[in-house]
Amino acid sequence: MAKEYRRPVFNKILTRIREKRNFIQILTGPRQVGKTTLARQIINDYKSPIHYVSADEPTLRDRSWINQQWDIARLKITEVKKSDALLILDEVQKITGWSETVKRLWDEDTINKINLKVILLGSSPLLMQKGLTESLGGRFETIPVTHWSFAEMRDCFNIALEEYIYFGGYPGAMQLTGDTGRWKQYIMDSLIETTISRDILLMTRVDKPALLRQLFHLGCQYSGQVLSYQKMIGQLYDAGNTTTLAHYLELLNGAGLLSGLNKYSGKAHRKRGSSPKLLVLNTALMSALSSFSYKEAIYDRQYWGRLTETAVGAHLVNDSKGKDISVYYWLNRNREVDFVLESGKILVAIEIKSGKKRNTLEGMDEFCRIFKVKSRLLVGQQGITISEFLASPIEKWIK
């Protein structure tokens, strides 16, 4: 992955570690979206001494390991007589109690005026956030590294829109797209199973691992559709209660696999209590678990419509991270708005015309009667093209 293809994120990281004000920089995001590669690019561009290590290895790591690596980075400042050094800790969330140790060491450096810059990388945003809020308040800034966008995949691999909609935004899997069966197996083994087993089950207490896997598969099957928790219980074996399902959906979302969008309402408690709209965060996940090949998917109008709507929704959710923009859906009986963007008091309603459903806009009309909407967007047929929408940052539509 060349740095020009994730240049905005790269520039943001480099700018922040060069500033006089010193915060711990946190890079979080799903597996295989380029966090480690971005760190290595920083190593090539940053002129001060650098110490990079990863906790994602078979050898058992503990807090003393962090102490050892921190001391090595401190020594680099004195050894080469530089004013600062950079320490990069990869997969740090896999060390129990990591945040307390980092806080203690960081505070020691602050008191002793040791200018050690620190970047922490983690593939489980949910676990990273827990450690950050418990111990590192006021000492860190977060830079989300999300799934690759259509613009990034197009510029890097010269792929067409249809290829992106089906194969999604995993750069490491693109070399396998000529063999759909092999590509699907790679996505299932190296991405889905690895994420569930190593980033969720190994790091978090999950009483029903089989249920969590079932929920993910159900989410892929119904991606782009609203499904109540009661209906989920009816389709899942040993589902338990709605609280368990909501928690597991939160874990899958935190790992960058599956989100459950809330229904838009003027009141926050109603948003949280709504039936979720299931949405995979990378269409590769949906395609890999389907029975459709690339060509079959294109010719199945209903399935391709769902895949296209999922691509749009995943783009909005991924690109909203760190931008103070929330993404919802809206539904009142049979009238629906596919996606609603909210930023402060600004509301934007989005309808996807992908060929999978009716050609009326009754849901959009009713939503605009009830709520004060700044703009209503039609994406697809006779509206903004799918390619333009997927290639544009979310801020373009919320201004």
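Each value in this text was obtained by applying a stated rule to the coordinates, not by laboratory testing. The structure displayed is predicted, hence computed values, not measured ones. With ideal geometry, Cβ positions are generated from the backbone for all residues, glycine too; neighbour counts draw on all protein chains shown.
Run the numbers for Lys20 and Arg376: contour at 0.36 nm per residue of separation, minus the present Cα-Cα distance, in nm. Show your work: numbers first, answer last.
Details: separation 356, 0.36 × 356 = 128.16 nm, distance 4.28 nm.
Length gained between Lys20 and Arg376: 123.9 nm.
Counting DSSP beta bridges with both partners in the chain, what percentage is antiparallel, nearest 5? Intermediate values should be presented prior to the final figure.
Numbers: 16 of 44 bridges.
Here the antiparallel bridges make up roughly 35 percent for the chain.
Rounded, prolate or oblate: which fits segment 3-144, taking a ≥ b ≥ c as square roots of the Cα gyration tensor eigenvalues, rounded meaning a/c under 1.5, else prolate when a/b beats b/c? Write down the numbers at each step before the final one.
Details: a/c = 1.35, a/b = 1.03, b/c = 1.31.
Here segment 3-144 falls in the rounded category.
Would you please give the residues with an amide H less than 5 Å from that of Trp330, counting only those at least 5 places away or on a separate chain, with H modeled from the backbone geometry?
Placed amide hydrogens put Tyr264, Val337 under 5 Å from Trp330.
Which ³J(HN,Hα) values in Hz, rounded to whole numbers, follow from the phi angles of segment 189-200 under the Karplus curve 6.51 cos²θ - 1.76 cosθ + 1.60, where θ = phi - 60° and Gly and Pro get x?
Once θ is set to phi - 60°, the couplings for segment 189-200 become 7, 7, 10, 5, 5, 5, 5, 5, 6, 9, 9, 10 Hz.
Mind ordering 92-99, 69-76, 309-316 by average Cβ neighbours within 10 Å, highest first?
Numbers: 92-99: 20.6, 69-76: 17.6, 309-316: 25.5.
Ranking the peptides 92-99, 69-76, 309-316 by packing returns 309-316, 92-99, 69-76.
Quick check: the distance between the Cα centres of segment 295-332 and segment 193-245, to the nearest angstrom?
Centre-to-centre distance over Cα atoms comes out at 20 Å.
Using the number of other C-beta atoms within 10 angstrom as an exposure proxy, rank Cys156, Cys220 with the fewest first. Don't skip to the end; give the middle numbers.
Working: Cys156 16, Cys220 21.
So the residues, fewest neighbours to most, are Cys156, Cys220.
In terms of modelled amide H atoms, which long-range or inter-chain residues lie less than 5 Å from the amide H of Gly380?
Lys353, Thr385, Ile386
I need the Kirkwood Rh of segment 127-206: take the reciprocal of the average 1/r across all distinct C-alpha pairs and report it in angstrom.
Computed over Cα pairs of segment 127-206, the Kirkwood hydrodynamic radius comes out at 15.2 Å.
Using modelled backbone amide H atoms (1.01 Å from N, in-plane), which distant-in-sequence or interchain residues come within less than 5 Å of Tyr170's amide H?
none
For the chain, calculate the relative contact order in percent as a whole number, restricting contacts to Cα pairs under 8 Å that are 6 or more residues apart.
On the way: 638 pairs, mean separation 54.1, N = 399.
So the answer I get is 14 percent.
Between rounded, prolate and oblate, where does the chain land on the alpha carbon gyration tensor, with a ≥ b ≥ c its root eigenvalues, rounded for a/c under 1.5, else prolate if a/b exceeds b/c? It would help to have the intermediate numbers written out before the result.
Numbers: a/c = 1.72, a/b = 1.68, b/c = 1.02.
Prolate, since a/c reaches 1.5 and a/b exceeds b/c.
Using 0.36 nm per residue of separation minus the Cα-Cα distance, give me the extension gain between Asn334 and Thr96 in nm, one decimal. Spell out each step's value before the answer.
On the way: separation 238, 0.36 × 238 = 85.68 nm, distance 4.79 nm.
So the extension gain works out to 80.9 nm.
Could you sort out which of Lys35/Lys321; Lys81/Lys103; Lys263/Lys374; Lys81/Lys117; Lys323/Lys396 sit more than 22 Å apart by Cα distance in this structure? Can you show the working numbers first?
Details: Lys35/Lys321 15 Å; Lys81/Lys103 25 Å; Lys263/Lys374 18 Å; Lys81/Lys117 16 Å; Lys323/Lys396 12 Å.
Exceeds cut-off: Lys81/Lys103.
As a test of the formula, what do you get for the chain when each DSSP H run with n ≥ 4 contributes -39,500 (n - 2.57) and the sum is divided by the residue count, at 222 nm and rounded to the nearest 500 deg cm²/dmol? Don't skip to the answer; put the middle values down first.
Numbers: 18 runs with 176 residues, N = 399.
That calculation yields -13000 deg cm²/dmol at 222 nm.
Rounded, prolate or oblate: which fits segment 299-399, taking a ≥ b ≥ c as square roots of the Cα gyration tensor eigenvalues, rounded meaning a/c under 1.5, else prolate when a/b beats b/c?
On the way: a/c = 1.81, a/b = 1.15, b/c = 1.57.
It is oblate, given that a/c is not under 1.5 and a/b is not larger than b/c.
Once fully extended, how much extra length lies between Glu388 and Glu193, figured as 0.36 nm per residue of separation less the alpha-carbon to alpha-carbon distance?
Details: separation 195, 0.36 × 195 = 70.20 nm, distance 3.28 nm.
Gain on stretching Glu388 to Glu193: 66.9 nm.
Taking Lys20 as the anchor, which aspartates and glutamates have their alpha carbon closer than 12 Å to its alpha carbon, excluding any fewer than eight residues away along the same chain?
Answer for Lys20, where 12 Å is the Cα cut-off: Asp84, listed by chain and number.
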